[in-house]
Amino acid sequence: MNHFDVGELRSQFPILQQRVNGQPLVYLDNAATTQKPDSVIDAIANYYRNDNANVHRGAHALSDRATEVFESARQKVAEFISASSKDEVLWTRGTTESINLVASSWGGQNLSAGDRILVSAMEHHANIVPWQMVAEKHGARVEPIPVDADGSINMAAFVSLLDERVKMVAVGHVSNALGSINPVSEIISLAHGVGARVLIDAAQSIAHWPVNVAELNCDFYAFSAHKMFGPTGMGVLYGKRECLESMPPYQGGGEMIETVSFAGTTFNKLPYKFEAGTPNIAGAVGLAAAVEFLQGIDRTAADQHETQLLARAEQELDALGGYQIVGKASQRVAVLSFIGDFAHPQDIGMILDKQGVAVRTGNHCAQPIMDQFGIPGTVRASFSLYNTVEDVDRLIAGLAKAKMFLA
Amino acid sequence: MTEFGVDVSAEDIIDTLGFFDDWEDRYKYIIDLGKELPALPESARTEQNLVRGCQSQVWLDSSLKQGKMYFGADSDAFIVKGLLAIVLAAYNGKTPTEVNAFDIDAYFNDLSLLSHLSSTRGNGLKSMVERIQAEATEAL
Ligand SMILES: Cc1ncc(COP(=O)(O)O)c(C=O)c1O
């Protein structure tokens, strides 16, 4: 039976047991990257200790074992996101590479002059720039879907932007800068209504609740292992089979080919067509361990726990005064983005760091929305399931001190 | 307002910061140094003088008078502005040769502030130091 006990969970994360600047570490930068449980760290170490070999080369026992763990990881991830087949799960370096793969391969094939790509105004740069690059090549345009002052997508404006020249709608499931949860189901069906494809940037949602890509009916779904308790350098691109089958390869090299000759080369089948070169085998092993970690906890309870932390943090921040929350969409994950009216976000972040509280400050790679709000950036405290009420209280105490210092 | 490098030298800063032993006093002092640093006039906050950091912005204005280099600097963040004052205390009023000979890493290490200087994108401080060094080389 799954259960949720934050103390017990926390003890599985060795990095959280340390002191920083003389204080027990309070890690509230989970939207940037989550920490790793022992099970993930051990899985990677054990892979290198016991099973390391190149995959899909056959010929010896170790290689067979490495291939087995590598491909069973793919199967595990396919089940985790409810993909209909493991052939629809491509390994990448992360969300960024997943989006670049689609922009370059799908975009190169499907975009022509006058076509439009819609992205929300609060996207991460990773879900803007690859589209701009491919759009420029093909004479297409990238247009922002307006975001309201509360940090939610303006759905009426989205609907009015849709027409048959829109070929791709690329939106985040959750905004990394503000925490807003976007109504992706609605966005997907509206976009499909005009024949557009939809890519969901799931970097910030994957750790928060179970996903079912088949039900969502998105065409592409991208996420990073490192934001869901897995290793860096490892990511996933889910794509519908019909899309992936017709797309040209992204990079050329070993693994992705069937036969090579100077007369011509034929490409491998899915998913290998998109995986040139020796893959990140240890990364896949670590990601599989992260999936198992998530499957072992009561995710509804974890989500409730995070929501409670956010509510407490919001309430205490309000009581403190001098700080304003940025982004108040009614649906949000446990991300608290805010500014102080007395100092730059960076000042606040530095004073928190001195007190052992790790947050992120800056524009969070989402400069357009910061420009829209007329601010240089925010302080962002992002919570994960291993954070505690004490962490919230340390954050607030740290912010009280920052105010005293800087105001 | 204080002229850093003239009224307050690098040695003064090393002495004062060395005197405090808790971080709060140290940071209060750094913030105060920033407040003492004259603001750059709007006319000097040009695109050309802008040194981009990932988070906060830094402006650097420089001039050469009778063979000596003088710098003005500004930032939109208090602590960074204090760190700028600390940098200018080391460089202002020196000849280009002296600027290039100055070991800024050792200085920040003595102040236990090296992490601020070595974070490449964080605060624009490192980019500013690199720009000062490049200008000194050009003026040689
Ligand atoms: C919403 C969003 N998209 C994309 C990315 C890029 O992810 P990665 O750097 O792991 O490729 C991030 C990471 O910060 C993100 O938050």
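Among A:Gly114, A:Gly7, A:Gly22, which is the only one that is of a type outside the set (Ser, Thr, Tyr) and within 14 Å of another protein chain (Cβ to nearest Cβ)?
The conditions single out A:Gly22.
Against the condition more than 23 Å from A:Tyr27 (Cα to Cα) and either surrounded by fewer than 21 Cβ atoms within 10 Å (Cβ to Cβ) or within 14 Å of another protein chain (Cβ to nearest Cβ) (or both), how does A:Val285 come out, does it pass?
no
Could you identify the single residue in A:Glu316, A:Glu390 that is under 26 Å from A:Asp298 (Cα atoms), outside any loop (DSSP other than H, G, I, E, B) and more than 11 Å from chain B (Cβ to nearest Cβ)?
Answer to the selection: A:Glu390.
Restricting attention to region B:90-111, and to residues there that are under 15 Å from the mean Cα position of the chain (by Cα) and of a type in the set (Ser, Thr, Tyr), which single residue is farthest from B:Val58 (Cα to Cα)?
B:Tyr107
Look at A:Ala276 and say whether it is more than 16 Å from the ligand (Cβ to nearest atom) and without any contact (Cβ under 8 Å) to a residue 60 or more places away in the chain. Can you show your working first?
Values: more than 16 Å from the ligand (Cβ to nearest atom): yes; without any contact (Cβ under 8 Å) to a residue 60 or more places away in the chain: yes.
Considered against the rule, which asks whether it is more than 16 Å from the ligand (Cβ to nearest atom) and without any contact (Cβ under 8 Å) to a residue 60 or more places away in the chain, A:Ala276 comes out as yes.
Scanning region A:11-47 for residues that are in a loop (DSSP other than H, G, I, E, B) and more than 20 Å from A:Ser224 (Cα to Cα), which turns out farthest from the ligand (Cβ to nearest atom)?
Restricting to residues being in a loop (DSSP other than H, G, I, E, B) and more than 20 Å from A:Ser224 (Cα to Cα), the top hit is A:Gly22.
So, in region A:172-199, of the ones that are under 18 Å from the mean Cα position of the chain (by Cα) and within 17 Å of A:Ser104 (Cα to Cα), which residue ends up nearest to the ligand (Cβ to nearest atom)?
For region A:172-199, the residue satisfying everything is A:Leu199.
Look through region A:320-335, keep the residues that are at positive phi and touching a strand residue (DSSP E or B) at 6+ places or on another chain (Cβ under 7 Å), and return whichever of them is nearest to the other protein chains (Cβ to nearest Cβ). First the steps, then the outcome.
From region A:320-335, those at positive phi are A:321-322, A:327; that's our starting set.
This time we only want the ones that are touching a strand residue (DSSP E or B) at 6+ places or on another chain (Cβ under 7 Å), so: A:322, A:327.
Numbers: A:Gly322: 15, A:Gly327: 18 Å.
The extreme case among them is A:Gly322.
Hey, among A:Val119, A:Val142, A:Val77, A:Val134, which residue is farther than 28 Å from A:Trp209 by Cα, among the β-branched types (Val, Ile, Thr), within 16 Å of the ligand (Cβ to nearest atom) and outside any loop (DSSP other than H, G, I, E, B)? Reasoning before the result, please.
Numbers: A:Val119 fails: farther than 28 Å from A:Trp209 by Cα; A:Val77 fails: farther than 28 Å from A:Trp209 by Cα; A:Val134 fails: within 16 Å of the ligand (Cβ to nearest atom).
Only one candidate passes the filter, namely A:Val142.
Across region B:58-81, what is the number of residues that are within 14 Å of B:Ile31 (Cβ to Cβ) and either of a type outside the set (D, E, K, R) or more than 12 Å from every other protein chain (Cβ to nearest Cβ) (or both)?
Residues in region B:58-81 being within 14 Å of B:Ile31 (Cβ to Cβ) and either of a type outside the set (D, E, K, R) or more than 12 Å from every other protein chain (Cβ to nearest Cβ) (or both): 5 in total.
When the residues of region A:374-407 are narrowed to those that are in contact (Cβ under 8 Å) with a residue 60 or more places away in the chain and over 22 Å from A:Ala311 (Cα atoms), which ends up surrounded by the fewest Cβ atoms within 10 Å (Cβ to Cβ)?
Taking the candidates together, the pick is A:Ala407.
Free of Cβ contacts under 8 Å to residues at least 60 places away in the same chain, over 24 Å from A:Leu336 (Cα atoms) and in a loop (DSSP other than H, G, I, E, B), is that true of A:Gly254?
Spelling it out, A:Gly254 is indeed free of Cβ contacts under 8 Å to residues at least 60 places away in the same chain, over 24 Å from A:Leu336 (Cα atoms) and in a loop (DSSP other than H, G, I, E, B).
State yes or no: is A:Lys240 assigned by TED's automatic domain parsing to the domain that holds A:Ser72, on the phi < 0 side of the Ramachandran plot, surrounded by fewer than 16 Cβ atoms within 10 Å (Cβ to Cβ) and among the basic types (Lys, Arg)? Don't jump to the end; show me each part of the working.
Working: assigned by TED's automatic domain parsing to the domain that holds A:Ser72: yes; on the phi < 0 side of the Ramachandran plot: yes; surrounded by fewer than 16 Cβ atoms within 10 Å (Cβ to Cβ): no; among the basic types (Lys, Arg): yes.
Answer is no for this residue.
If we scan region B:129-137, do we find a residue that is without any contact (Cβ under 8 Å) to a residue 24 or more places away in the chain and not charged (D, E, K, R)?
The answer is yes, given that some residue of region B:129-137 is without any contact (Cβ under 8 Å) to a residue 24 or more places away in the chain and not charged (D, E, K, R).
Residue check, A:Lys401 against (1) at pLDDT 95 or above; (2) within 11 Å of chain B (Cβ to nearest Cβ); (3) within 23 Å of the chain's Cα centre (by Cα), all met but one. Which one?
(3)
Residue by residue through region A:336-355, note down the ones that are touching a residue at least 40 places away in the same chain (Cβ under 8 Å), at the interface with another protein chain (Cβ under 9 Å from one of its Cβ atoms) and within 11 Å of A:Arg380 (Cβ to Cβ).
none
So, in region A:356-371, of the ones that are assigned to a strand (DSSP E or B) and free of Cβ contacts under 8 Å to residues at least 40 places away in the same chain, which residue ends up surrounded by the most Cβ atoms within 10 Å (Cβ to Cβ)? Walk me through it before giving the result.
Filtering region A:356-371 for residues assigned to a strand (DSSP E or B) gives A:357-358, A:360-362.
Now restrict to residues that are free of Cβ contacts under 8 Å to residues at least 40 places away in the same chain: A:361-362.
On the way: A:Thr361: 26, A:Gly362: 23.
Selected residue: A:Thr361.
What tally of residues in region A:106-123 results from selecting those that are crowded, with 23+ Cβ neighbours inside 10 Å and more than 17 Å from A:Glu143 (Cβ to Cβ)?
The qualifying residues number 1.
Check off (1) within 23 Å of A:Ala177 (Cβ to Cβ); (2) more than 14 Å from chain B (Cβ to nearest Cβ) for A:Arg299 and give me the number that stays unchecked.
(1)
A:Leu237 fails exactly one of the following numbered conditions: (1) part of a strand (DSSP E or B); (2) of a type outside the set (Phe, Trp, Tyr); (3) modelled with pLDDT under 95. What is the number of that condition?
(3)
Quick one: is A:Gln346 modelled with pLDDT under 95, assigned to a helix (DSSP H, G or I) and either within 16 Å of the ligand (Cβ to nearest atom) or not assigned by TED's automatic domain parsing to the domain that holds A:Thr67 (or both)?
In short, yes.
Are any residues in region A:86-105 away from the ligand (no atom under 16 Å from the Cβ) and either farther than 19 Å from A:Val285 by Cα or modelled with pLDDT under 95 (or both), and if so, which ones?
A:Ser105
The values are calculated or read from the model by the stated rules, or taken from the named source; none is laboratory data. If you're wondering where the values come from, they're calculated on a predicted model, not measured in any experiment. Because the Cβ atoms are built from the backbone with ideal geometry, glycine has one as well, and the counts that use them run over all protein chains shown.
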